[in-house]
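For reference, the structure discussed in these notes is given below.
What follows draws every value from the coordinates through simple rules; no lab data is involved. Values in this document were obtained by computation on a predicted structure and should not be read as measured data. Methodologically, a virtual Cβ is constructed for each residue, glycine included, from the backbone with ideal geometry; neighbour enumeration extends over all protein chains shown.
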Amino acid sequence: MTGTVLNALAIVVGGVGGLLWPRGLPPATQGWLKIVLAVLTVYFGLRLTWASLGGSWGSMLRQVLLVIVALALGRITGKILQLQTVSNAAGRYARRQMEAAEQARQRWTEGFAVCTLLYCVAPLAFLGPAAEAVGKDSVPLVLKAVMDGLATMSFVRVWGPGVMLSALPVLAFQGTQTLLWLLGEPWLIARQAGAALTATCGLLVFCVALLILEVRRIEVASYLPALAWAVVLAAWLGW
């Protein structure tokens, strides 16, 4: 659970940094960090997918088609479950609480709730543990750690040091997912479904970069069920 531990530590470090430097990072620096994070997310997302493909060119083409079908089925499932609606509602709630906090000082518990919600419903909070446990790649969670740390630098100036306690629910939530994926790994390996899972995960990580750059509003939350569909299709059709 290296990535999850680093994620929790980054929240604490970001909070301490926000308290020590109340003025925060200059806008220009924030802009460059945003671009760098997006580029790294693109690279490591596609690398995760490419590393999951194998065999002849024909076999790789079939694997890519399986991932595409899993993404399509995942989006349909996500739409039915209204996952993106829930994600958007969480974002709107966080913005309302931020505006209320700027107008009148709120209790630190409000900030703790907002940060916990935002950090635990982010797409990488689901993709990262899967990539780390099955794909043995901690980079998606390391990237999330940087994002959460930078966000905490801003949040701590609004609600105070209490927001750093959100590191604990993040550690528990993502750590539990990692353990569950590790428990299911022998089953995935036996059915050659692990590679399908990580390939799909890599493409979704790539989509997160488009959100960071605000190039296109991809409903990544709606595609999260694609992870389960990739496992089902690979176990059924083979990888």
**Item:** Principal axis dimensions, largest first and in whole angstrom, of the stretch 173-239 by Cα
**Value:** 39, 29, 15
**Calculated on alpha-carbon atoms, Rg and Dmax of the chain in Å** = 18.4, 62
**Request:** State the extension gain, in nm to one decimal, for the chain segment bounded by residue 232 and residue 69, taking 0.36 nm per residue of separation less the distance between their alpha-carbons.
**Result:** 57.6 nm
**Prompt:** Tell me, how many Å apart are the Cα centres for the stretch 177-235 and for the stretch 111-139?
**Reply:** 12
**Prompt:** Within the chain, which DSSP H helices have Cα atoms that stretch 18 Å or more along the helix axis and a mean Kyte-Doolittle hydropathy of at least -0.5?
**Reply:** 2-20, 27-52, 57-81, 108-121, 139-159, 167-190, 194-213
**Request:** State the Kirkwood hydrodynamic radius of the stretch 52-146 in Å, one decimal place, computed from all pairs of distinct Cα atoms.
**Result:** 16.3
**Complete:** Subtracting the Cα-Cα distance of residue 109 and residue 9 from 0.36 nm times their residue separation yields 34.0 nm
**Förster radius 30 Å - calculated FRET efficiency between residue 40 and residue 120 (Cβ-Cβ, nearest 0.05)** = 0.85
**Message:** Contact order normalised by length for the chain, with contacts defined as Cα pairs under 8 Å and 6 or more residues apart; what percent is it?
**Reply:** 41
**Asked** Once you put a point 7 Å from the Cα of residue 79 and another 7 Å from the Cα of residue 92, both along the Cβ direction, what distance in nm separates them?
**Response** 2.0
